[in-house]
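Below is one structure, written out as structure tokens, with a few remarks after it.
Throughout, read-outs are computed from the coordinates displayed, never taken from laboratory work. Because the structure is a prediction, the values reported are computed rather than measured. Neighbour counts run over all protein chains shown; Cβ positions are idealised from the backbone, glycine included.
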Amino acid sequence: MSSSILEKYDKQFEYTGIMMNIIIALQFLMLWIDPKPDQAEQIMNLAILIAAEFIMLHTGIFMAVFPKKYTLFIFFPFYGLFAYFFNTLVTNNLIIMVYLITILNRMRFAFSNPSPELKKRTKVMAVSAGFTYFILIFIIGFGSPYIPSLGLNDQFLDQSGYHLIRTQGGLFLEKPYTAICLGFSYYSITAIIETILLVSKKFKPISAQLT
């Protein structure tokens, strides 16, 4: 894939990533506001998904700046093992699916020579996502007593059988509304940042700026 083709379809790739983040954010929001009695497993799955997002934060920048052989033969299988581990903790293949979609979207850099502007945007996005993730963990971790449980209150969690299927501990799983809040906030903010970077002329290839 030549750099010109990469730049030509850059918006399609980026809009795909933005739409995926929006869809995931809405799933978190709907589950937070109006969970159904049969969604106990989904609550746990999404809580683990946002934990697994930690390992996916690094893939964008690694796949943009490292040589192709490292992307294909080291980073893809290495992070795949982490994704597989987290996937064993959920009741479906949600994490593997999200990982593959994310990686396939980012691996376009492995088959091309991206322009300096595209590389720079990828780096900025990766750093911004990581910064957002860790800031949100700090805020939600310390501010958990002030986060509304909404539909994920103790009564619902008991009636849905959530605590019976929960196999792991920790704040995010013992109080799943904190993980759901983190997921909704993180994916929403990430979608906004990606949109801002996409429309910014600063990160557009020179050829695109001239058209």
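A simple spin-label model places the labels of Q12 and L150 3.5 nm from each other, with each point 7 Å out along Cα-to-Cβ. Spacing of the modelled spin labels on S200 and F131, each 7 Å from Cα toward Cβ, amounts to 0.9 nm. Model label points for L100 and L81, set 7 angstrom from Cα along the Cα-to-Cβ axis, are 2.1 nm apart.
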